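Asker: Submitted below is the structure of interest, expressed as structure tokens.
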Amino acid sequence: MKTATAAEPSGGRLARSAGVAGAATLASRILGLAREQMLAALFGAGNEMDAFIVAFRVPNLVRDLFAEGAMSAAFVPTFTRHLTLRGKDEAWRLGNNVLTALLIVTGALVVGGIVFAAPLVGAYAHDFERVPGKLELTVRLTRIVLPFLPMVAVAAATMGMLNSLHHYFLPALSPAMFNLATIVCGVALVPLMPWLGLPRIMAIAIAALLGGAGQVAIQWPPLRSEGFRYRPMFDPGDPGLRQVLVLMGPGTIGLAATQVNIFVNTLVATSQGTGAVSWLTYAFRVMYLPIGLVGVSIGTVLLPAVSRYAAVDDHAGIRNAVARGLAMMLMVNVPATLGLVALATPIVQLLFERGQFVPADTAATAAALRWYAVGLVGYSAARIVSPTFYAIRQSRVTVLVSTTAIATNVVLSLLLVQWLGFRGLAFSTSIVAVANAATLIWLLRRRLGGLGGRRLPVVFVKIVIAASVMAAAVFAIQHVMNRIAPGIGLVPQIARLVTSIGGGLLTLAAMATVLRVAEFAEAVDLLRLRVQKLLGGRM
């Protein structure tokens, strides 16, 4: 048992490993925000942007499920078990088998999707028919972006193998290739499209394909350096492949709640007029930054660790790892929730309000952001807890909980959209995310015989108190700064926002010190060590 678990990222090592993944994710998310800023400036919240978002929603849904959900939950525990108990050769064989199976399945989906694009898009975005040419444009874009599916499937599998081998930085950085490709194509190709007789948004569809190829390309060298060589093989009788496929079905459902709910939002939002789809998407992108930095980063590091503990039936190790991951997540995401609610309008204004993105778009996007932020802790907690059920072979639990969450969201979305319009879709997703995470945590505690004892509730209460005082300080500082530095220019906007955030962080630090929140001190120490390494030229 010691041999199998000695290398696990527990305690400070978990924080350091999550920090490495978080640093790469931060770079990717910053590029993602730059991408959204560029798209907002070029297309605003108009018909072309609505069409692209709907066209890319299905490939993007599959990307999110593969990269951060079902693929990881199904493949990483099985690959890690092969690696731990049977060695690299057997793990590589499983990797080749899984990659080939993914290419066969996703290739068939692409062909079917291209052939039946028109009736499929017409079925879930029929309201686009009200705007001449909008539905036809959506169908064309759908056919272009569908080949993204095999690329992202391969990228997700390589990410899983690298994570199991304790490579976190490049896999977490790989989504940045998608963002980078979009930015480059937005600058270089968008102006050329009208000259070629094509809609400008076609450049962004081309960028999606280039970005998918880039996600695979950046991960292949480190995988080769570990000894992996891809050799096409498909052995349906292989027990490892069968185990992955058995987990993949429930995994897709069990980890799909958030992404399927966002997909449902998009479909319902098509009935809310031009701009609603784009406002919700821009808002979710801003809100997704802390999820990616914390929930996904911690979950990425935690899953291989929990899989190894599960392989040797070390339930105490699983309990400690998950509890620590949740505590680290709460330390960041509870303050982030209240911060986003307090500063939604200035954040959206600074990030997006230029070019085709007008003040009315800012107000609508900020409103959606506040409602999405309510569910921030729920989104991140589910990213940490859900994969644990697959590692301990309890996948049916997440299937049942996720299916219930999706069904509940459909009902709530249809009800709340009548009351709050497009904002009700964001609120519905948040309510369901919190309920989904709370249910999963409660069930995991029962199966593991506890989850950190009283530590998590105590940490949560302390963080809520500290974050509430921080939010009050942010409101006060923002009010004062509106008088000191008024105006809509870039400099006063930055001054107001930076001062508000800085004052809020200082308040949070003071309150965390007074309340003795250990997780805050650990986060500060980790940041200090990273800064020292950067200044010393060592990583």
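The values are calculated or read from the model by the stated rules, or taken from the named source; none is laboratory data. Bear in mind that the values here come from a model prediction, so they are computed numbers and not experimental data. All Cβ positions, even for glycine, are placed from backbone atoms using ideal geometry, and neighbour counts span all protein chains on display. Heads up: the accessible areas ignore ligands, DNA and RNA and are worked out on the full protein's heavy atoms, side chains in. Shrake-Rupley method; radii C 1.70, N 1.55, O 1.52, S 1.80 Å.
Asker: Among the residues of region 357-371, are any outside any helix (DSSP H, G or I) and open to solvent by 40 Å² or more (accessible area, probe 1.4 Å)?
Answerer: Checking region 357-371: at least one residue is outside any helix (DSSP H, G or I) and open to solvent by 40 Å² or more (accessible area, probe 1.4 Å).
Asker: From the set of residues in region 119-128 that are farther than 14 Å from Phe56 by Cα and hydrophobic (A, V, I, L, M, F, W, C), which is most open to solvent (accessible area, probe 1.4 Å)?
Answerer: Ala123
Asker: Run Pro457 past the list (1) in contact (Cβ under 8 Å) with a residue 12 or more places away in the chain; (2) in a helix (DSSP H, G or I) and report the number of the one that doesn't hold.
Answerer: With respect to (1) in contact (Cβ under 8 Å) with a residue 12 or more places away in the chain; (2) in a helix (DSSP H, G or I), Pro457 is out only on (1).
Asker: Working only within region 479-489, note down all residues that are open to solvent by 70 Å² or more (accessible area, probe 1.4 Å) and farther than 11 Å from Pro346 by Cα.
Answerer: Listed by number, the residues that qualify are His479, Val480, Arg483, Ile484, Pro486.
Asker: I need a count of the residues in region 384-399 that are open to solvent by 10 Å² or more (accessible area, probe 1.4 Å) and either assigned to a helix (DSSP H, G or I) or not basic (Lys, Arg) (or both).
Answerer: The total comes to 7.
Asker: Tally time: how many residues in region 129-141 are open to solvent by 10 Å² or more (accessible area, probe 1.4 Å) and under 14 Å from Pro119 (Cβ atoms)?
Answerer: Number of matching residues: 4.
Asker: How about region 242-290: which of its residues are at pLDDT below 65, open to solvent by 30 Å² or more (accessible area, probe 1.4 Å) and not in a helix (DSSP H, G or I)?
Answerer: Residues satisfying the conditions do not exist here.
Asker: A further question follows. Mind checking which residues of region 412-440 are closer than 23 Å to Ser271 by Cα and open to solvent by 50 Å² or more (accessible area, probe 1.4 Å)?
Answerer: Leu414, Leu415, Gln418, Trp419, Arg423, Ile431
Asker: Exactly one of these conditions fails for Arg447: (1) open to solvent by 20 Å² or more (accessible area, probe 1.4 Å); (2) of a type outside the set (Asp, Glu); (3) touching a Leu at 6+ places or on another chain (Cβ under 9 Å). Give me its number.
Answerer: Going through the list (1) open to solvent by 20 Å² or more (accessible area, probe 1.4 Å); (2) of a type outside the set (Asp, Glu); (3) touching a Leu at 6+ places or on another chain (Cβ under 9 Å), Arg447 breaks only (3).
Asker: Return yes when Thr158 is open to solvent by less than 10 Å² (accessible area, probe 1.4 Å), within 24 Å of the chain's Cα centre (by Cα), at pLDDT 85 or above and on the phi < 0 side of the Ramachandran plot and no when it is not.
Answerer: For Thr158, the condition - open to solvent by less than 10 Å² (accessible area, probe 1.4 Å), within 24 Å of the chain's Cα centre (by Cα), at pLDDT 85 or above and on the phi < 0 side of the Ramachandran plot - is met.
Asker: Still on this structure, I have one more. Looking at region 311-337, which of its residues are open to solvent by 20 Å² or more (accessible area, probe 1.4 Å) and either more than 15 Å from Tyr379 (Cα to Cα) or not in a helix (DSSP H, G or I) (or both)?
Answerer: Ala311, Val312, Asp313, Asp314, His315, Ala316, Arg319, Asn320, Arg324
Asker: While we're looking at this one, here's another question. Tally the residues that are open to solvent by 30 Å² or more (accessible area, probe 1.4 Å) and in a loop (DSSP other than H, G, I, E, B), restricting the search to region 195-239.
Answerer: Total satisfying the criteria: 15.
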